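Novice: Could you have a look at this structure, given as structure tokens, before my questions?
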Amino acid sequence: MNTRAGRLARDISERFQLGQPPIDVEYLVSQLGVDQVTEADLIEDGRMVRSGDRTNIIVRAGLSRERRRFTIAHELCHVLLADTSSELVATRHIIGSDEEERFCEDFAAALLLPWAWVRSVAYNRPQTLHSLRVVSGRSNTSLASACVRLNEVAGWQRSLLHWRHDGSTWRFRWAAGLPSGFEKRIRSAPQTAPLLDASDDGGDMMIRLVIMVGGQQRDVPAQISVRRGSALALTQLRE
Ligand SMILES: [Zn+2]
């Protein structure tokens, strides 16, 4: 997490009196001088386009509401960074587009899931799927974003894994909140699909989940929720 991105998000939130989540990103769009938010078939989630004195944000058609909000917040950060007249971004040390991308991701997370708010909601709550749904539901952010942010600011050490049933078997789709070194190393093990099948529609339950981490099979305690072709597992991969 970039602390300057967090500070910028806090400054913006105070200046425009955004208050507590859910943060009104559409309001911020108008306050920051963006003319239009439109949808298009993009490969990436969003894009900021300036032509003449017009600034538009384009978001990929078909995004979930939560992902759309995060994308707009991310693009608003590009708008702020591109505005050389703004005194809000006092120092611009950003070099290279990769660094700017990470900065804008951090800004969006800090804006939609403010540090103090996340900590107050997480206070005394167990590290469970239910708590994750509370944070994500109250902030209109995705479960994935909420998990990453809880790890960052509330002392969680949880990873969220997602599978979708494609009609024949469970396909691993994504993981969020992975410890460093685990990125792109999670896969299903042969026992994963039967385990998910056995937990279908049982509400939130604790199981020993079997997955592949790198080339190695591991079984980890996980709280899982399986229903309607979607499976979520909240687990701790590093002891
Ligand atoms: Zn970007």
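Taken together, the values in this text are just the output of simple stated rules run on the coordinates, not laboratory data. If you're wondering where the values come from, they're calculated on a predicted model, not measured in any experiment. Don't worry about glycine lacking a Cβ; one is built from the backbone with ideal geometry, like all the others, and counts go over all protein chains shown.
Novice: Please state the relative contact order of segment 3-112 as a whole percent: Cα pairs under 8 Å, 6+ residues apart?
Specialist: For segment 3-112, the relative contact order is 33 percent.
Novice: Shifting gears a bit: Tell me what the chain gives for mean residue ellipticity at 222 nm when only DSSP H runs of n ≥ 4 count, each as -39,500 (n - 2.57), the sum divided by the residue total, rounded to 500 deg cm²/dmol.
Specialist: -11500 deg cm²/dmol
Novice: Could you list Tyr123, Tyr27 so that the one with the fewest beta carbons within 10 Å of its beta carbon is first and the one with the most is last?
Specialist: Tyr123, Tyr27
Novice: Let me ask something else. So, R0 is 41 Å and r is the distance between the beta-carbons of Gln157 and Asp53; what FRET efficiency does that work out to, to 0.05?
Specialist: 0.30
Novice: Give, to the nearest whole percent, the P(r) tail of segment 16-86 beyond 15 angstrom, counting all Cα pairs.
Specialist: 52 percent
Novice: With no solvent and one equal point scatterer per Cα, compute the Debye intensity ratio I(q)/I(0) for segment 159-235 at 0.18, 0.22, 0.23, 0.24 Å⁻¹ and report its log10, rounded to two decimals.
Specialist: Relative scattering, expressed as log10 I(q)/I(0), comes to -0.64, -0.97, -1.07, -1.17.
Novice: While we're here: What is the Cα convex hull volume of segment 67-199 when expressed per residue in Å³?
Specialist: In segment 67-199, the Cα hull volume divided by residue count equals 147 Å³.
Novice: Starting from the coordinates of the alpha-carbon atoms of the chain, obtain the Kirkwood hydrodynamic radius over all distinct pairs and give the value in Å to one decimal.
Specialist: 19.2 Å
Novice: I've got another one for you. Just add up the charged neighbours of Val213: K/R +1, D/E -1, any other residue whose Cβ is under 12 Å from the Cβ of Val213.
Specialist: Overall, the nearby charge balance is +3.
Novice: Taking each full run of DSSP H in the chain as one helix, which ones are at least 24 Å long along their axis (Cα atoms) and have mean Kyte-Doolittle hydropathy of at least -0.5?
Specialist: Helices passing the filter in the chain: 65-82.
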